[in-house]
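Quick notes on the structure that follows.
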Amino acid sequence: MNIIRAAVLAAIFPVIAFAHGGGRDIRGTILKFDQRVVVVKRVDGKTESVPLADSTVFRVGSTPGDWKSMREGSRVVVHIGHNGKAIEVQLPARK
C-alpha cells in the first residue's frame, strides 16, 4: 500500500509544482486594467504591471469571467507564466 501511495505522489507532484507553467503568483489590488495589461498593487506595497495574453483565463469566484470582470480596487491573484504574461486572473466572487 505504501508503494502505491509513493507512486501516486511521485506522479502528482510535478503536476502540482508546475500547475501554472512553473511561474509565480502575485496577490494584491487592481489599480487599473485594459485588454492588454492589469496593474496590481501587491500586498507588499509595490506596483506591478502584468501583460494579459489571448489565452489568459479569468475566474470570478469559481465561475468563468473575462477581462471586463475586473474592477479597480478589487482584490486579485494573478498567476504568471515564465513568459511574464498572466495565465490566470482570479477575482473574488461577486456578492
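What follows is calculated from the coordinates using simple rules that are stated; it is not laboratory data. Values in this document were obtained by computation on a predicted structure and should not be read as measured data. Cβ atoms come from the backbone with ideal geometry, glycine included; neighbour counts cover every protein chain shown.
Sequence neighbours fewer than 8 away in the same chain don't count; with that in mind, list the aspartates and glutamates whose C-alpha is under 13 Å from residue 85.
Residue 85 reaches 25, 48, 54.
Out of the DSSP beta bridges found with both residues in the stretch 23-91, what percent are antiparallel (nearest 5)?
If I count the DSSP bridges inside the stretch 23-91, around 80 percent turn out antiparallel.
Which of 55, 62, 49 has the fewest other C-beta atoms within 10 Å, and how do the rest follow up to the most?
62, 55, 49
Net charge within 10 Å of residue 39 by Cβ-Cβ distance, Lys/Arg positive one each and Asp/Glu negative one each, not counting residue 39 itself? The partial results should precede the final answer.
Numbers: positive: 32, 41; negative: 34, 48, 72.
Neighbour charge sum, excluding residue 39 itself: -1.
Ranking 54, 44, 25 by Cβ neighbours within 10 Å, fewest first, what do you get?
Values: 54 6, 44 9, 25 12.
Lowest count first: 54, 44, 25.
Any lysines with Cα under 16 Å of the residue 41 Cα? List them, leaving off those in the same chain fewer than 8 positions away.
Partners within reach: 32.
Express the C-alpha Rg of the stretch 23-91 as a ratio against the empirical globular expectation 2.2 N^0.38 Å, rounded to two decimals.
Relative to the 2.2 N^0.38 Å estimate, the stretch 23-91 comes out at 0.96.
Counting other beta carbons within 10 Å of each Cβ, put 41, 46 in order, fewest first.
Values: 41 16, 46 10.
Neighbour counts put them in this order, fewest first: 46, 41.
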